[in-house]
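Read the figures in this text as sums done on the coordinates, not as results from a lab. Everything numeric here is computed off the predicted structure, so don't read it as measured data. Here Cβ is always computed from backbone atoms with ideal geometry, including for glycine, and neighbour counts include all displayed protein chains.
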């Protein structure tokens, strides 16, 4: 029976990754089209939606085991990839952002591939709604900030190409710098709102920060929130943009990644413990 379950999991995994890669290829093809078509006429939308649905079902079967919550490093990354995949679907609706969609869907495929690959202990015996909200919003916000980091990298590549006079090729399919920057701050705003609710929801099931091994995660998550909140304030009050905004975005994402994945690596891999 266990072997049969593992075989079905492998099939699900191959299907999810294949659908994401096909969706990424279709989105890139759509981005190169001289006369853009509406999203509902692009196969990328349907392939990406199918990939996201299959990914969500695969994750649900992996995480919900005998009523408890099992969320290891690889599964956490996969959950973050689910949010990135959702962002990729949204990007398909904007013709000039379909190259961005292709990149996001490619990253979603990479992160989804690790689902269930590392053994995870049951962190919570019964996953109540506060924990469910906290986990979904935490990884969802991490996914939004990962998309923000992707946009920063694309902006840097675009800026370098423009300065060197080599703005052709696939970079020519990207939106203008101003559009990418607006998208960047929209994504950061959504991610910060999700992270705010995630932190508040987390407080509902935390009874002892030290006993539950959540001190480092909480402090780093709050630091990441402060970085992004400062960036949004600077954008609103002083018009921050360009390299300054890029540094804040990358710094905030790195701190959040350490909070969720670095501390989890130390606990699970090095110390053999877990949150909760």
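At-a-glance table
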item	result
Fewest-first sequence of 20, 60, 46 by Cβ atoms within 10 Å of each Cβ	60, 46, 20
Additional length obtainable on full extension of the chain from residue 265 to residue 178, 0.36 nm per residue less Cα span	27.5 nm
